[in-house]
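Data first, discussion second: the structure below is written as structure tokens.
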Amino acid sequence: MIQWFPGHMAKAKREIEENLKLVDVVMELVDARAPFSSQNPMLQELIQHKRKIIVLMKRDLADEEVTKRWLQYFEKNDLKAIAIDVNHKDDINQLISLVKKTGLEEQQKMIEKGVKPRSVRALIAGVPNVGKSTLINRLANKKVAKIGDRPGITKQQQWIKVRNQFELLDTPGILWPKFADESIGMKLAAIGTIKYDLVPNQDVVAFMINYFNDHYPKTLFERYGLEESLDMWDTFVHIGKRRGALESGGQVNFDKVAEIVLQDFRTGRLGRITLETPEES
């Protein structure tokens, strides 16, 4: 069992709890390469009956066919979901429309009670390093959120105007206290959500290689020229020699191999890969 819940995460949880009553809709950002594992069960507990939109981030890095199946899965479970690439203007515009429409549906209840309508308000939340800051900057059409590539960096909460369509409340990225299922921790480490020192990179890459062999058998051949299924040790050695991850004396540096495979995966050089399907989750 992997446990990780520093003090600033507990503080972020309290802040989200307090601010939920101010908003009409919650945007939960998940990574399209692990849409189930990057959903935060603690957030669901907090928001309860509040309207929610699941935003599958980084769709450009995920397997397109699997992403379609995930969207169908969420729809079947009465959850609004959209997959986006933050660098795609149409995706951003579709998200803005969906948030406003969902928020107005919620506000309709207040209008029926005679309450004067106000701007739609949304809260944006998600696991660390999911691309939240970049999305906020795209929504606001200017740089309002700092972008960092180290998971677990928190920022102060702030209201942001989104093109006169709605107001957005930013929150720090939060993780839940523990991952009872070790594979969830592995997937979150693979996509860069949890810190490098929490799960050893070699273990994460071994998990990924097994998954690739089962679901994307051509991946390792196309990137590293791996022509047959080798055991894990020989796979690392082959990739290390192929990519020059060697120490003095010609020994393969396994840590360096793990870094190479992780970077190739995270940047899309291994192709569009999703680490879980609705049928498996």
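What follows is calculated from the coordinates using simple rules that are stated; it is not laboratory data. Just so you know, these numbers come straight off a predicted model, no measurement behind them. Methodologically, a virtual Cβ is constructed for each residue, glycine included, from the backbone with ideal geometry; neighbour enumeration extends over all protein chains shown.
Note on SER281 and GLU64: the extension gain reaches 76.4 nm, defined as 0.36 nm multiplied by sequence separation minus the Cα-Cα distance.
For the stretch 175-281, trypsin sites (Lys or Arg not before Pro) meeting the loop criterion (DSSP other than H, G, I, E, B) and having at most 12 other Cβ atoms within 10 Å: LYS218, ARG269.
Between VAL115 and HIS49, the simple label model (points 7 Å from Cα in the Cβ direction) yields a spacing of 1.3 nm.
Expressed as an acute angle from 0 to 90° and rounded to the nearest 10, what is the orientation of the C-alpha long axis of helix 232-243 relative to the principal long axis of the chain? For helix 232-243, the angle is close to 90 degrees. The LYS241 and PHE36 beta-carbon pair, evaluated with R₀ = 30 Å, returns a calculated FRET efficiency of approximately 0.25. Between the labelled values (1) 20.3, 78; (2) 18.4, 57; (3) 17.9, 53, the entry that holds Rg and Dmax of the Cα atoms in Å as derived from this structure is (1). Taking packing as the residue-averaged number of other Cβ atoms within 10 angstrom, the listed peptides 91-104, 18-31 run from highest to lowest as 18-31, 91-104. When the chain is treated as a GNM with alpha-carbon contacts under 10 Å, the residue of PRO200, PRO35, PRO172 showing the greatest mean-square fluctuation is PRO200. Rounded to the nearest 0.05, the FRET efficiency derived from the C-beta distance between ASP203 and TRP159 at R0 = 51 Å is 0.80.
Remark: for residue pairs LYS52/LYS109; LYS143/LYS195; LYS11/LYS161, the C-alpha separation exceeds 18 Å in LYS143/LYS195; LYS11/LYS161.
Legend: calculated FRET efficiency, GLN263 to ASP234, from the Cβ-Cβ distance at R0 = 22 Å, rounded to 0.05, equals 0.55. The distance linking the stretch 204-248 with the stretch 8-52 is 36 Å (Cα centroid to Cα centroid, whole angstrom). Tell me whether the stretch 34-110 comes out rounded, prolate or oblate; compute the Cα gyration tensor, take square roots of the eigenvalues as a ≥ b ≥ c, and use a/c under 1.5 as the rounded threshold. The shape class here is oblate. Inter-label distance, ASN213 to ASN77: 3.0 nm, where each label sits 7 Å from its Cα along the C-beta direction.
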